[in-house]
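The values are calculated or read from the model by the stated rules, or taken from the named source; none is laboratory data. From a predicted model like this one, the values you see are computed outputs, not experimental measurements. When we count neighbours, we look across all protein chains shown, and the Cβ atoms used for this are built from the backbone with ideal geometry, even at glycine. Surface accessibility is based on the protein's heavy atoms, side chains included, excluding ligands, DNA and RNA. Shrake-Rupley method; radii C 1.70, N 1.55, O 1.52, S 1.80 Å.
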Amino acid sequence: AYTDYKSTVFSITILKEEIEKAVELLGDILRESQFEKNEIKREKGVVLSEIRSSKDDLEDLSFNMVNSIAFNKSGLKHDTLGTEECIEKLNSDVLLDFYKKYYVPNNTIISIVSCYEHEKVVEIIKKYFNNWKVGNNIESKFINEDNKNIEKIMKKNDILDSSLIYLYTFYNLSKEEELALKILNHKLGDSSNSILFRRLREEKGLAYDVSTHMDSTSDIKTIYIYTAVHKDDVEQARNIIENSIFEIKNKEIAFKDENIELMKKVLKTAITLTIEDTVELSNYILEQRIEGESITGFVEDLKSLSTIDKESIYKVANKVLNNPSVHIIIPRD
C-alpha cells in the first residue's frame, strides 16, 4: 500500500489461481478494518520513525522543503507523511471518521490485470464487494497553484554534502506540449546521457546524484532539478544548471533530429514496458481512471510523439523553465 498526494492505493501481485483469495483479502481490508488502540499506537510509531528518517535523507528533505516554500495553498506544500505533531494527536475516533468518509465504493477504483475474461473478474468482485455501502459524494479539493519565484538557504547539522533543487510548475500546457516537455526532461537530466549529468558529473566531477523529475497528472504539474554537491561547489553547480537552461532556451544547445528520435524511442520503450508489465499496467489504468482519462491514452501519446520536433522543445523550455522555486541545504558550520 502507498499514499500519494491524491490517493491511497492497495495492491497485490499474485498467481492467477489466487485471484479470488486476493480480492477477498482486499475486500476485508477495505470494508472490515478494525482500529484497535494497540495497533494504532504501534503504527503511529512506524510512521513517526519514517518521518524522522525522511528528515535525515538529504534528497527527501530537499523535495519536501522546496514544496513547502513554493506554495501557499496547494496540497503539495505538505508532506503526505504528515508532521510528528499531527501523528501524535491521531486517535481511533479520528481515523474511523476518515475511514467512513473516504473508504466507500463511490470513491474507489478497482483495477485488475489478469488472464481472465472481464465477466469472470466482475463476478468475483461482486461476490466480495457487492453490499459495500455507498457514502456521501466527495468533491475534489486539490488546488492547482503555480510555484512562487522564491529562494531559501537552509543550514543542517550532520550532513557532508549540500543539496540544490529547482521546482517549476506547468499548468497551462497542452498534451502535445507536455510530451515535448517529457523529451526535454529526459535530455536535461533524466538519464545518464543528459546535459546536466554530463556537465555536473562527467566534465566537472561535482556531483554523483543529478536528476530531473516530472509529474504530469491533471492536478500535479511539476518538474524538479536536483543535485547534491560539496558545500564549496554549490555556486558552481548552480551556474552550470542555470547556464544550461539559458542555452536551451536560446537554442545554443542543439537538439539534433537524430537525438530527438532517440529520445522518442526511450519514451515509446517506457510505454511498451508499461503495457507488458502487469503491475505497471494496473497502476497506469488506475491513474488514468482517477484522472478521468481513457485507459488507452497511451495510443494517442504514441501518435502525438511523431509531431514533436526541436522547435516544440525550445518553445516549451521557454514556456516552463522560468521563475523557479529554489531550495539549498548546506552543512551547519
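Annotations
- Going through (1) in contact with a helix residue (DSSP H, G or I) (Cβ under 8 Å, 6 or more places away or on another chain); (2) at pLDDT 90 or above one by one, LEU90 falls short only on (2).
- Residue match in the stretch 43-64 (condition: touching a strand residue (DSSP E or B) at 6+ places or on another chain (Cβ under 6 Å), touching a residue at least 12 places away in the same chain (Cβ under 8 Å), assigned to a helix (DSSP H, G or I) and surrounded by 14 or more Cβ atoms within 10 Å (Cβ to Cβ)): yes
- Of the residues in the stretch 154-170, none is open to solvent by less than 60 Å² (accessible area, probe 1.4 Å), among the hydrophobic types (A, V, I, L, M, F, W, C), over 28 Å from the mean Cα position of the chain (by Cα) and over 27 Å from ILE40 (Cα atoms).
- Selection over the stretch 4-25 of residues that are open to solvent by less than 80 Å² (accessible area, probe 1.4 Å), of a type outside the set (Gly, Ala, Ser) and either without any contact (Cβ under 8 Å) to a residue 60 or more places away in the chain or closer than 20 Å to VAL47 by Cα (or both) gives a count of 9.
- Identity of the residue in the stretch 258-284, without any contact (Cβ under 8 Å) to a residue 40 or more places away in the chain and open to solvent by less than 40 Å² (accessible area, probe 1.4 Å), that ends up farthest from SER312 (Cα to Cα): THR274
- The one condition from (1) in a helix (DSSP H, G or I); (2) crowded, with 21+ Cβ neighbours inside 10 Å; (3) out of contact with any Phe, Trp or Tyr (no Cβ under 8 Å at 6 or more places or on another chain) that VAL229 does not meet is (1).
- Filtering GLY205, GLY189 for residues that are open to solvent by 20 Å² or more (accessible area, probe 1.4 Å) and either modelled with pLDDT under 95 or not aliphatic (A, V, I, L, M) (or both) leaves a single hit, GLY205.
- Residue in the stretch 114-123 that is within 28 Å of the chain's Cα centre (by Cα), surrounded by 12 or more Cβ atoms within 10 Å (Cβ to Cβ), touching a residue at least 12 places away in the same chain (Cβ under 8 Å) and part of a loop (DSSP other than H, G, I, E, B) present: yes
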